[in-house]
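The values are calculated or read from the model by the stated rules, or taken from the named source; none is laboratory data. In this text, all values refer to a predicted model and were calculated from it rather than measured experimentally. Backbone-built Cβ (ideal geometry, glycine too); neighbour counts: all protein chains shown. Heavy atoms of the whole protein, side chains included, go into the accessibility calculation; ligands, DNA and RNA do not. Shrake-Rupley method; radii C 1.70, N 1.55, O 1.52, S 1.80 Å.
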Amino acid sequence: MKQHFANLIDEEETQIDMTPMLDVVFIMLIFFIVTASFVKESGIDVNRPEAATAVQKDRANILVAISDTGEIWINKRQVDVRAVQANIERLYAENPQGSVVIQADKKSTTETLIKVMDAARAAGVFDVSIAAQEE
């Protein structure tokens, strides 16, 4: 009889508590969600020029679009040319490894493109690229 009670006690003590494992899984899930970098859009569709030497750019986190009418878009918002530097500084502070990619429409003016490039360099970002399509 004593042995029967001892077996019952051993069976109750051998159950595995899953709570700590679930806590660790949820903490890891939260960590990966917080550290994930999400794809950012400039805000408008741009008809980019074609280039034979176009290459894929990694870590292009700051996208600036210039429309055919000279409008500048960052993060789905139209931005005045005087506010481009402040917007790029803010986005670069959020992700210092990122680079600036300017998506200029074929029909946009070079003047607007140069102003955006100057604003990016004034914001401290020297890795500036111009987006193009492969031929």
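Please work out if VAL84 is β-branched (Val, Ile, Thr), in contact with a strand residue (DSSP E or B) (Cβ under 8 Å, 6 or more places away or on another chain) and without any contact (Cβ under 8 Å) to a residue 24 or more places away in the chain.
It is false that VAL84 is β-branched (Val, Ile, Thr), in contact with a strand residue (DSSP E or B) (Cβ under 8 Å, 6 or more places away or on another chain) and without any contact (Cβ under 8 Å) to a residue 24 or more places away in the chain.
Among the residues of region 77-124, which ones are in a loop (DSSP other than H, G, I, E, B), open to solvent by 30 Å² or more (accessible area, probe 1.4 Å) and closer than 14 Å to LEU63 by Cβ? Spell out the reasoning first.
Of region 77-124, the ones in a loop (DSSP other than H, G, I, E, B) are 80, 95-99, 105-109, 123-124.
Restricting the remaining residues to those that are open to solvent by 30 Å² or more (accessible area, probe 1.4 Å) gives 80, 95-97, 106-107, 109, 124.
Of everything in region 77-124, just one residue is in a loop (DSSP other than H, G, I, E, B), open to solvent by 30 Å² or more (accessible area, probe 1.4 Å) and closer than 14 Å to LEU63 by Cβ, namely ASN95.
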Testing SER99 on (1) at pLDDT 85 or above; (2) within 24 Å of the chain's Cα centre (by Cα), one condition comes back false. Which one is that? (1)
May I ask you to list the residues in region 67-76 that are out of contact with any Asp or Glu (no Cβ under 6 Å at 6 or more places or on another chain) and either surrounded by 19 or more Cβ atoms within 10 Å (Cβ to Cβ) or part of a strand (DSSP E or B) (or both)? ILE72, TRP73, ILE74
Log entry, pairs with first residue in region 67-78 being among the charged types (D, E, K, R), second being open to solvent by less than 50 Å² (accessible area, probe 1.4 Å), beta carbons closer than 6 Å, six or more apart or on different chains, reads ASP68/ASP105; ASP68/SER108; LYS76/GLY43
